[in-house]
Amino acid sequence: LTEEPPSTDLITLTRHVLNDQLRLGAAATGDLTLLLTAIQVTSKFIATNVRKARLINLVGLAGETNVQGEEQKKLDVLSNDIMVNALRASGKTAVLVSEELDNAIIIEERYRGKYCVVFDPLDGSSNIDAGVNIGTIFGIYEVRPDSKGTIEDVLRPGCEMVAAGYTMYGSSANLVLSTGSGVNGYTLDAALGEFILTHPDIKIPPRGKIYSFNEGNSMYFYPPVTAYLKSIKYPSTGNPYSARYIGSMVADVHRTLLYGGIFGYPDDRKSKKGKLRLLYEAFPMAFLTEQAGGVATTGTKRILDIVPTSIHERCPVFLGSKDDVKDVMKFYETEPIAQ
Ligand code: P6P
């Protein structure tokens, strides 16, 4: 087999984002480009630690000490520290919200920039011992005009985000990003230390053949969800859907973006508001889903239109192929919602 000559025109994430900036013309200050570069560095750093963890079981509980007697940090705590430090040092952020921190961080004057980053530094980390793909999820707001950065800058609907993305740590590191004009996927070339454009302009098929729900919660589901699942498992015509559920949101959403179908974590009698977090799980994934031509709803309301009242609130999530998600919404119109 003749080796393909190496491409001499690699499109790295940095180059791709710079092209975005040039497309925006003079209005772009380059601040978002530099912020995304900082996020890229955190993803590479976290990817290294995840890989190491799989080798030397770094994932011990916080508080234990390792053989060197060093304070051992849980991987998600370590990932949080990596992100907070890099985002602050970038000089481009004003407010940070992390799944790992009870309160928002308001960046001090000296390092303050104009962006607010909400993030889950290592979502699904409970799965890491099983070698399941886990990931970092992030969303970016620009501070409101004349604001120096307060909590109100992140208690805004997800439709006001300027960018969102995730990095999935698996056999390779995949960074999927939208800055508001479509979705692109990049794969880390560890040898180069660069994220290379491998999935340009990701589009979700209008309908898929996969549903992704934790059916272990079936006894708690409300009627619209029970009726919807019955309709795709026992269809009056055609074949039933396939079930795929990894239990790691980044992995389940990544498959849904690429293959289509529907991912759902509904509210139910056990989780009255659902389980997934609005600000740094539902909003970024809904932003990406819509940018890829899909739909993201609570069942009755567009997720990106929700106005958060607190930084860690939860919300029900159905997202994926537009025809599949619209099917769920029809059941919310016809079935009694909750009792
Ligand atoms: P369940 C992981 O703990 C997580 O936050 C998401 O990544 C994932 O989608 C969900 O929870 C899985 O929850 O209840 O199905 O185990």
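Name the residue farthest towards the positive end of the dipole of the chain from the options N184, I134, A286, assuming +1 on Cβ of Lys and Arg, -1 on Cβ of Asp and Glu, about the Cα centre. Result: A286, furthest along the dipole toward the positive end. Here the 3J(HN,Hα) profile of the range 310-320, calculated from phi with Karplus coefficients 6.51, -1.76 and 1.60 at θ = phi - 60°, is 8, 6, 10, 5, 9, 7, x, 9, 10, 8, x Hz, Gly and Pro shown as x.
Of all lysines in the structure, those lying under 21 Å Cα to Cα from K326, and not within fewer than 8 positions of it along the same chain, are K203, K209, K230, K233, K273, K301. Ranked for footprinting exposure by Cβ neighbours inside 10 Å, fewest first, L32, L258, L122 give L258, L32, L122. Across q = 0.11 Å⁻¹, the range 189-339 modelled as identical point scatterers on its alpha-carbon atoms has Debye log10 I(q)/I(0) values of -0.41, in the order of the q list. A Förster radius of 45 Å combined with the Cβ-Cβ distance from S218 to S147 puts the calculated FRET efficiency at roughly 0.50. Under the criterion of Cα pairs below 8 Å and six or more residues apart, the relative contact order for the chain equals 15 percent. Note on L18 and S271: their simple-model spin labels are 4.2 nm apart, each label 7 Å out from Cα toward Cβ. The Cα trace of the range 78-158 gives Rg and Dmax of 13.6, 47 Å, the first to one decimal, the second as a whole number.
In the chain, taking the dipole from charged Cβ atoms about the Cα centre, the farthest positive-side position among Q40, G264, I337 is held by I337. Peptides 106-114, 163-171, ordered by how many other C-beta atoms sit within 10 Å of their residues on average, highest first, read 163-171, 106-114.
Along its three principal directions, the equivalent ellipsoid of the range 117-167 from the Cα gyration tensor extends over semi-axes of 29, 10, 7 Å, largest first.
Close amide H contacts of Y115 (hydrogens built in the peptide plane, cut-off under 5 Å, sequence separation of 5 or more or a different chain): T93, A94, V143.
The magnitude of the dipole of the chain, with charges of +1 and -1 set on the Cβ of Lys/Arg and Asp/Glu and taken from the Cα centre, is near 660 debye. Once amide H atoms are built 1.01 Å from N in the peptide plane, which residues 5 or more positions from I11, or in another chain, come under 5 Å H to H? Those lying under 5 Å, H to H, from I11 are L197. Relative protection proxy for 84-91, 217-224, from highest mean packing down: 84-91, 217-224 (other beta-carbon atoms within 10 angstrom). Each peptide among 291-298, 144-151 gets the average number of other Cβ atoms lying within 10 Å of its residues, and from highest to lowest they stand as 291-298, 144-151. Three principal axis extents describe the C-alpha atoms of the chain; from largest down they are 60, 58, 53 Å.
In this structure the amide hydrogen of A296, modeled in the peptide plane, comes within under 5 Å of the amide hydrogens of I303, none closer than 5 places in sequence on its chain.
The residues packed around V132, meaning those with a beta-carbon under 12 Å from its beta-carbon, carry a net charge of -2 if Lys and Arg are +1 and Asp and Glu are -1.
Expressed in Å, the radius of gyration and Dmax of the Cα atoms of the range 250-339 are 12.4, 36. Percent of C-alpha pairs per 5 Å bin in the range 161-200, short distances first: 7, 25, 31, 22, 10, 5, 0.
For Y245 and D102, the FRET efficiency from 1/(1 + (r/R0)^6), where r spans their Cβ atoms and R0 equals 35 Å, is about 0.75. Using C-alpha pairs below 8 Å separated by at least 6 residues, the relative contact order for the range 269-339 is 37 percent.
Using R0 = 30 Å, the C-beta based FRET efficiency linking K230 and Y259 works out to 0.85. Per the Debye calculation on the range 126-264 with a single equal scatterer at every Cα and no solvent contribution, log₁₀ I(q)/I(0) for q = 0.16 Å⁻¹ amounts to -1.03. Using C-alpha pairs below 8 Å separated by at least 6 residues, the relative contact order for the range 153-246 is 17 percent.
Across the alpha-carbon set of the range 224-292, the Rg to Rh ratio works out to 0.99, Rh being the Kirkwood radius.
A helix-only calculation puts the chain at -9500 deg cm²/dmol for mean residue ellipticity at 222 nm, using -39500 (n - 2.57) for each DSSP H run of at least four residues, averaged over all residues.
Every number in this text was worked out from the coordinates using simple rules, so none of it is lab data. Just so we're clear, the structure is a prediction, and the values are computed from it rather than from any experiment. Here Cβ is always computed from backbone atoms with ideal geometry, including for glycine, and neighbour counts include all displayed protein chains.
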